[in-house]
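Report on the structure given below.
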Amino acid sequence: MALFAIGDTHLGFGINKTMDKFGENWKNHAYKIEKNWRENIQQCDTVLLLGDISWGMTIQQVIPDLDFIDSLPGKKICISGNHDYWWSSISKIQKLYTDITFLRNNSIKYHNIFLCGTRGWLCPNDAFFTPQHIKIYHRELNRLKLSLEYAIKKGAEQIIVLLHFPPTNDKKEWSGFLELFQCYPVSHVYYAHLHGQQYFHNSLIGEYKGIFYDLVSCDNVNFCPKKIFV
């Protein structure tokens with residue numbers, strides 16, 4: 001029974017969209033994910049999907065992608081990414097799957113660890129941050145706090161945080177997310193969103209102020225869910 005994580009699967013079965021234009025390594029990426037998943041993950045394992053799961057915009061468009069994920073071994077826990085426009089319909093989608101759980105404003109217990117998370121957003125002073133982003137940034141901080149508080153009320157003594165966006169700006173400066181982590185028993189933070197070798201180190205990786213950080217975007221983990229806990 002192990003815990004794995006991967007982000008940015010960017011599936012497009014429902015709209016016939018591929019990721020080929022993003023580089024040679026992205027060609028047939030869904031096949032690579034499936035092959036690696038089946039070779040490494042058993043039915044008793046759990047896989048965390050850290051956003052940008054599907055290019056689908058509607059329930060009808062995302063169902064083929066979720067059916068694909070559902071067909072793979074293990075239980076799955078999902079958070080949203082900036083491209084998951086279908087996420088507003090998860091209350092309806094959740095009823096369709098028993099092995100896929102959507103994490104939003106709450107927490108899920110995994111053995112003696114609690115999983116908390118939210119999409120996150122660009123952090124202030126990032127190269128792409130604009131005044132229009134500040135409202136979303138604070139909204140995501142609040143959503144993360146709701147998730148963390150939910151875990152604490154359930155008796156959490158150790159928390160793993162899942163984000164889609166990195167928890168810092170591209171200069172790795174202090175952020176509201178890092179501040180929140182310090183107020184709770186957070187031991188690990190996993191995030192995605194960053195693509196391309198030149199961007200992989202644009203946020204924290206490794207231990208920082210007592211918390212371990214790691215990037216599990218699809219191309220950074222070579223399209224293979226990364227084992228993060230046994």
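Listed values, structure above:
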read-out: Restricting the range 120-135 to residues that are open to solvent by less than 40 Å² (accessible area, probe 1.4 Å) and of a type outside the set (Gly, Ala, Ser), the residue that is nearest to GLY74 (Cα to Cα); value: TRP121
read-out: Test: LEU49 is at negative phi and assigned to a strand (DSSP E or B); value: yes
read-out: Residue, nearest to the chain's Cα centre (by Cα), within the range 1-18, restricted to residues that are β-branched (Val, Ile, Thr) and surrounded by fewer than 18 Cβ atoms within 10 Å (Cβ to Cβ); value: THR18
read-out: Test: ARG104 is at pLDDT 95 or above, basic (Lys, Arg) and surrounded by 15 or more Cβ atoms within 10 Å (Cβ to Cβ); value: no
read-out: Options PRO64, PRO73: the member that is open to solvent by 30 Å² or more (accessible area, probe 1.4 Å) and either touching a residue at least 24 places away in the same chain (Cβ under 8 Å) or in a helix (DSSP H, G or I) (or both); value: PRO64
read-out: The range 139-169: number of residues that are open to solvent by 50 Å² or more (accessible area, probe 1.4 Å) and either in contact with an Asp or Glu (Cβ under 8 Å, 6 or more places away or on another chain) or under 16 Å from ASN82 (Cβ atoms) (or both); value: 2
read-out: Given (1) of a type in the set (D, E, K, R); (2) modelled with pLDDT of 95 or more; (3) in contact with a Phe, Trp or Tyr (Cβ under 9 Å, 6 or more places away or on another chain), number of the condition LYS109 does not satisfy; value: (3)
read-out: Within the range 19-57, tally of residues that are surrounded by fewer than 19 Cβ atoms within 10 Å (Cβ to Cβ), of a type in the set (S, T, N, Q), in contact (Cβ under 8 Å) with a residue 12 or more places away in the chain and more than 19 Å from GLN197 (Cβ to Cβ); value: 4
read-out: Output for the range 189-230, where each listed residue is over 16 Å from LYS172 (Cβ atoms), in contact (Cβ under 8 Å) with a residue 60 or more places away in the chain and touching a His at 6+ places or on another chain (Cβ under 9 Å); value: ALA192, SER217, CYS218, ASP219, PHE223, ILE228, PHE229
read-out: Checklist (1) within 30 Å of ARG139 (Cα to Cα); (2) of a type in the set (Val, Ile, Thr); (3) over 18 Å from the mean Cα position of the chain (by Cα) applied to ILE53, failing item; value: (3)
read-out: Tally of residues being closer than 25 Å to LYS27 by Cα, surrounded by fewer than 16 Cβ atoms within 10 Å (Cβ to Cβ) and polar (S, T, N, Q) across the range 179-230; value: 3
read-out: Any pair with Cβ under 8 angstrom, 6 or more apart, that starts in the range 94-114 at a residue that is under 22 Å from LEU72 (Cα atoms) and ends at one that is open to solvent by 100 Å² or more (accessible area, probe 1.4 Å) and not in a loop (DSSP other than H, G, I, E, B); value: ASP99/LYS75; ILE100/LYS75; THR101/LYS75
read-out: Some residue of the range 81-96 being of a type in the set (Ser, Thr, Tyr), open to solvent by less than 40 Å² (accessible area, probe 1.4 Å) and in a loop (DSSP other than H, G, I, E, B); value: no
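The values are calculated or read from the model by the stated rules, or taken from the named source; none is laboratory data. This one's a predicted model, so the numbers in the text were calculated from it and none came from an experiment. Heads up, the Cβs are rebuilt from the backbone with ideal geometry, glycines too, and the neighbour counts pull from every protein chain shown. Note: areas computed on protein heavy atoms with side chains; ligands, DNA, RNA excluded. Shrake-Rupley method; radii C 1.70, N 1.55, O 1.52, S 1.80 Å.
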